[in-house]
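What follows is calculated from the coordinates using simple rules that are stated; it is not laboratory data. These numbers come from a predicted model, not from an experiment. When we count neighbours, we look across all protein chains shown, and the Cβ atoms used for this are built from the backbone with ideal geometry, even at glycine.
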Amino acid sequence: MADSRLELRAGERVFSEGDPPTCAYLIESGHIEIVTLQDGAPLVLSVLGEGDLLGEMAIIDAAPRTATARALTDSVLIPVDGKQLSERIESSDPIVRALLKGQLTRYRQALLSLRAGHPGALELSGKGKRFVDGDGYDDGAVAKIRLETQLRDALSTGTLEVRFQPIYDIAAERIAGYEALVRWTHPVRGPISPAEFISLAEETSLILPVGQYVLDRVAEGLAELQRLGVRPLPFVAVNMSGRQLGELDMLSAIRESSQRNGIDPRLIKIEVTESLTLDVERVGELIRRAEAEGMMVALDDFGTGHSNLGHLHKLRFNTIKLDQGFVRQMLEAPRCHAVVRAIVAMVHALEADLVAEGVETRAQLDALAAMKCKYAQGYLIGRPQTFSEMLANHPLEQTSG
Ligand code: C2E
Ligand code: CA
Ligand code: CA
């Protein structure tokens, strides 16, 4: 705001060493020097100019000013509310907070060594605990950075693994396809659930090479089945994350990986989770382009969280995957049974196929068969398997009964 501007003449102080931190400043014009005392003599730490932020360190650190700021020339500053900054820091990514903490620690240490032996040295350890130390954030952030680095290593050394879980065509009584599920065996922690590391990878662009890695293993696997003369070739579904929707041309990636491996790209099906369908436009575009090339897109985890029937009629998915929660309760809860029956009918009316996930018992499979649900996936049919296990179990030739 215009009236909160601070106009300073050359030589005037903005704040002094030891002052409490009330606000930071944005330098609108002029130059400000930051000075500290070394053996009683002023030492210029830096000179800041137009567009620079001034005095934010003490806010981040919630500690008294560690240096004095003085206008070198006539200057105009805009005060930035300290609380506004600290709230942003508090709500920021723990990794960003850890980065800030690292910078602050280095700044404090540099100042301390500058002033070593100086009797007037400020107590620099500060109360700084408020935003970047303590409260456990920090440990979490460091653990995340470590895990992320190890995941990067796993990618480059090929120690991520892709498992294949069979998808059963109930009426035809045969395995029609597989879902590719990524696995990571951590060098120390052992197997880590994709639910944990996929969400970590999604926080950064790391999900893109993870997705590419899975895609390449899938295309290689299909090429191997093709080489062995498996007929018909099963489809393989790959999971696609939000970032992949925004930043990766999934269809081109599938096309390229298929071409490299000499397989038909239409064998690879994309699974999009329900939360992504909030981005109706992007998903709609993906489906349209996939359809034009004969490729399939499935809606994953249908019935959880964002179930939005308003989107379902706009988005022409080939396949809907019913979340495992329904199958789990279906036989105990008559109302759940009724809901599943209605969903089977609805998906049929939409001319899509339904995959029931989490089928663990024969009774569940029989109930789904009676409802004319097309596909079943779950431990009863098969667990996620390594490629060689999958090879051993998959018949060379199947009749499409
Ligand atoms: P999802 O896509 O819903 O995958 C199905 C999950 O259910 C898998 O867990 C699978 O192992 C598990 N499951 C299958 N049948 C049964 C059953 O009968 N009973 C029970 N209790 N569970 C069953 P998983 O492999 O731990 O994967 C968890 C999630 O991680 C996946 O859920 C998917 O959202 C994500 N994910 C896995 N691989 C990838 C990947 O390559 N890329 C991306 N973006 N996400 C992946
Ligand atoms: Ca899935
Ligand atoms: Ca699912």
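Taking the 0 to 90 degree range and rounding to the nearest ten, how far is the long axis of helix 94-114 tilted relative to the main principal axis of the chain, both from C-alpha atoms?
Result, in degrees: 30.
Can you give the FRET efficiency for Val96 and Met346, using 1/(1 + (r/R0)^6), R0 = 35 Å, r = Cβ-Cβ distance, to the nearest 0.05?
FRET efficiency, Val96 to Met346: 0.20.
What aspartates and glutamates could a cross-link reach from Lys374, if we take a straight Cα to Cα line under 14 Å and drop same-chain neighbours fewer than 8 places away?
Asp169, Glu173, Glu351, Asp353, Glu357, Asp366
If you wrap a convex hull around the alpha carbons of the range 160-393, what volume per residue comes out, as a whole number of Å³?
Expressed per residue, the convex hull around the Cα atoms of the range 160-393 is 130 Å³.
Pulled fully out, how much extra length does the chain show between Gln84 and Val339, if you take 0.36 nm times their separation in residues and subtract their Cα-Cα distance?
Full extension from Gln84 to Val339 adds 87.0 nm.
Okay, helix-only estimate at 222 nm for the chain: each DSSP H run of n ≥ 4 adds -39500 (n - 2.57), divide by all residues, round to 500 deg cm²/dmol; what do you get?
-12500 deg cm²/dmol
Which whole-percent values make up P(r) of the range 1-116 when all C-alpha to C-alpha distances are grouped in 5 Å steps starting at zero?
Calculated over all Cα pairs of the range 1-116, the distribution is 2, 11, 20, 23, 21, 14, 7, 2, 0 percent.
Answer with one residue from Ile34, Ser75, Ile89: the one whose Cα lies farthest towards the positive end of the charge dipole of the range 12-108, charges on Cβ with Lys, Arg +1 and Asp, Glu -1.
Ile89
Based on the Cβ-Cβ distance from Ala10 to Thr399, what FRET efficiency comes out when R0 is 60 Å, to the nearest 0.05?
Here the calculated transfer efficiency is 0.10.
Would you kindly state how much longer the chain becomes between Asp153 and Ala292 on full extension, computed as 0.36 nm times their sequence separation minus their alpha carbon distance, in nm to one decimal?
Extra length available between Asp153 and Ala292 comes to 46.3 nm.
Report the residue, chosen from Arg217, Arg13, Arg328, that carries the largest GNM mean-square fluctuation when the chain is represented by alpha-carbon nodes joined by springs under 10 Å.
Maximum fluctuation in the GNM of the chain, among the listed residues, is at Arg13.
Multiply the residue separation of Leu53 and Leu380 by 0.36 nm, subtract the distance between their alpha-carbon atoms, and state the gained length in nm to one decimal.
Result for the pair: 111.6 nm of gain on full extension.
Once a ≥ b ≥ c are taken as the square roots of the eigenvalues of the Cα gyration tensor of the chain, is the result rounded (a/c under 1.5), prolate (a/b larger than b/c) or oblate (a/b not larger than b/c)?
prolate
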